[in-house]
């Protein structure tokens, strides 16, 4: 089992339709290729954890890097792991933009923190993903 955690910046012209297309494609591909993970989109940034076969993830990540819907793709972590953090999720997704647009940022942040607590994983990969997401939220709180 291999895991990749990355962070990227969304393209300025990214639409909700683009995000729906990303999810539809990802869920289909991930289901067919035994990939699991979680994608978080908030404040024009993505943070994602992907888990699966290394060869498949290498190919997938090559395509992710080339995707024009985001840029500044930074790998936070990649390595082999003993177990999956998101074994029941071929692609969990949290859209902070939709919630924040409705003036419910605190609800989004609280729900995201609760979601991260619900995941029953203590793998180094998941803890790094969790730390990256929570750091990003904190950074954006101080910028508001």
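The values are calculated or read from the model by the stated rules, or taken from the named source; none is laboratory data. None of the values given here were measured: they were computed from a predicted structure. Ideal geometry is used to build each Cβ from the backbone, glycine not excepted, and the neighbour counts take in all protein chains shown.
None of 50, 14, 60 is over 21 Å from residue 78 (Cα atoms) and either in contact (Cβ under 8 Å) with a residue 24 or more places away in the chain or within 12 Å of the chain's Cα centre (by Cα) (or both) except 14. The residue that is nearest to residue 52 (Cα to Cα), counting only those in the range 68-86 that are surrounded by fewer than 16 Cβ atoms within 10 Å (Cβ to Cβ) and within 15 Å of the chain's Cα centre (by Cα), is 75.
Got at least one residue in the range 13-22 being in a helix (DSSP H, G or I) and touching a helix residue (DSSP H, G or I) at 6+ places or on another chain (Cβ under 7 Å)? Checking the range 13-22: not a single residue is in a helix (DSSP H, G or I) and touching a helix residue (DSSP H, G or I) at 6+ places or on another chain (Cβ under 7 Å).
If you go through the range 23-52 and keep only what is assigned to a helix (DSSP H, G or I) and touching a helix residue (DSSP H, G or I) at 6+ places or on another chain (Cβ under 8 Å), you end up with 29, 33.
Per-residue answers, yes or no, for (1) under 22 Å from residue 134 (Cβ atoms); (2) at pLDDT 85 or above:
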position: 4; (1), (2): yes, yes
position: 21; (1), (2): no, yes
position: 25; (1), (2): no, yes
position: 31; (1), (2): no, yes
position: 60; (1), (2): no, yes
position: 73; (1), (2): yes, yes
position: 82; (1), (2): no, no
position: 91; (1), (2): yes, no
position: 95; (1), (2): yes, no
